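The values are calculated or read from the model by the stated rules, or taken from the named source; none is laboratory data. Predicted, not measured: the structure shown is a model, and the values here were computed from it. Methodologically, a virtual Cβ is constructed for each residue, glycine included, from the backbone with ideal geometry; neighbour enumeration extends over all protein chains shown. Quick note on the areas: whole protein, heavy atoms, side chains included, nothing else; ligands and nucleic acids left out. Shrake-Rupley method; radii C 1.70, N 1.55, O 1.52, S 1.80 Å.
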Amino acid sequence: MKDHGAYLGVGKQYLEDLSDPAGLLEVGNCSALAYEAQTNDIELPDYTNPGGGLDKAVTRITGVNVTYNARHFKIANVARAVYGEVNDVEAGTVTGEAHRAFPTGLVLLKNPGASDLVIKAGAVELVEGTDYVVGPGGLPTMKASAKVPEDGVDITVDYSYAARGVVQALVASGKRYRSVFVGLNEAESGRPVIIEVFRINHSPASLSAIGDEFAGMEFTAKAEKDDTKSGQGVSQYMTVTFLD
């Protein structure tokens, strides 16, 4: 096999949920991906000389950290970042949803993505543009008007809403994934390299919602032993494959 020289990597990372296998799904654009072995160093100082020194040392591998920066806010990435589950909600309609409205206050409808709103205070219909405006996400914000007094008013809302995906956060900790990176070495005319980690356990990642630069989700995961892998010289953690 031809050996590799310098390496400048690009490529795609894929994950598969081991508890609910549905194939290896692409994470999306990642600006960084790294594998780092964690070690425990056991040292025996040299007690035979006044100047000290080191007599023996043993380094044990305690684990492997996988870190990556996901730059695409796919719903699966967000769910993984907040230990969440994704619920799909179909489009529908609502009649008579009750709220208390105040001037300049946002009305958080139970179903965002609303359209065709009809808002009433009792039997009196509020007028869009005069009594309220509809902002991003189809959510109305009240204006100060005779129909929306300072001490508030009870309203009902009829509307249609679009289909959506909802991430329920902090309900799915401890999921394990299989990780596969299919990379290309730009320093060697796109020569392929494939890295597979059989079983990883993610820590939660932070979500940046406002900023001056493209946001990313910094993930850290620990490789765990895969007991299904066995045999002399067979790794239970990961493989790195170089293609000619």
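For the range 58-116, the solvent-accessible area works out to 57 Å² per residue, with a probe of 1.4 Å and every protein chain left in place. Neighbours of A22, meaning other residues whose beta-carbon lies under 15 angstrom from its beta-carbon, give a summed charge of -1 when Lys and Arg score +1 and Asp and Glu score -1. Using θ = phi - 60° in the Karplus curve 6.51 cos²θ - 1.76 cosθ + 1.60, the 3J(HN,Hα) couplings for the range 122-128 round to x, 8, 8, 8, 7, 9, 5 Hz; x is entered for Gly and Pro.
If you run the Gaussian network model on the chain, springs between alpha carbon atoms under 10 Å, then out of A215, A223, A98 the most flexible one is A98. At an R0 of 22 angstrom, the distance between the Cβ atoms of V234 and N69 translates into a FRET efficiency of 0.10. Highest-first packing order for the peptide set 11-17, 197-203, 60-66 is 197-203, 11-17, 60-66, based on the mean count of other beta carbon atoms within 10 Å. Take every pair of alpha-carbon atoms less than 8 Å apart whose residues are at least six positions apart; their mean separation over the length of the chain yields a relative contact order of 24 percent.
Could you tell me which GluC sites (Glu not before Pro) in the range 175-226 are loop residues by DSSP with no more than 14 other beta carbons within 10 angstrom of their beta carbon?
Passing both the DSSP loop test and the Cβ count: E213.
Mean-square fluctuations from a GNM of the chain, with a 10 angstrom spring cutoff on Cα atoms, peak among K74, K222, K175 at K74.
Of the solvent-accessible surface of the range 1-68, computed with a 1.4 Å probe over protein heavy atoms with every protein chain present, carbon and sulfur atoms account for 51 percent. The value of relative contact order for the range 104-244, using C-alpha pairs under 8 Å at least six residues apart, is 18 percent. Over all other residues within a Cβ to Cβ distance under 14 Å of D55, the charged ones net out to -2, with Lys and Arg as +1 and Asp and Glu as -1. Rolling a 1.4 Å probe over the protein heavy atoms gives the range 120-207 an accessible area of 50 Å² per residue.
Of the GluC sites (Glu not before Pro) found in the range 84-158, those that fall in a DSSP loop while having at most 10 other beta-carbon atoms within 10 Å are E90, E150.
Using a 1.4 Å probe on the protein heavy atoms, what percent of the accessible area of the range 103-237 belongs to carbon and sulfur?
52 percent
Across the range 22-38, rounded Karplus estimates of 3J(HN,Hα) from the backbone phi angles (6.51 cos²θ - 1.76 cosθ + 1.60, θ = phi - 60°) give 9, x, 7, 10, 5, 6, x, 4, 10, 7, 7, 8, 9, 10, 10, 6, 9 Hz, Gly and Pro being marked x. Using Cα springs under 10 Å in a Gaussian network model of the chain, which residue among P112, P140, P45 shows the largest mean-square fluctuation? The residue with the greatest mean-square fluctuation here is P45. For the range 42-62 and the range 210-244, compute the distance between their C-alpha centroids and round to whole Å. Using only Cα atoms to place each centre, the spacing works out to 32 Å.
Based on the Cβ-Cβ distance of L139 and Y14, what FRET efficiency does E = 1/(1 + (r/R0)^6) give at R0 = 30 Å, to the nearest 0.05?
Numbers: r = 36 Å, r/R0 = 1.19.
Once rounded, the FRET efficiency stands at 0.25.
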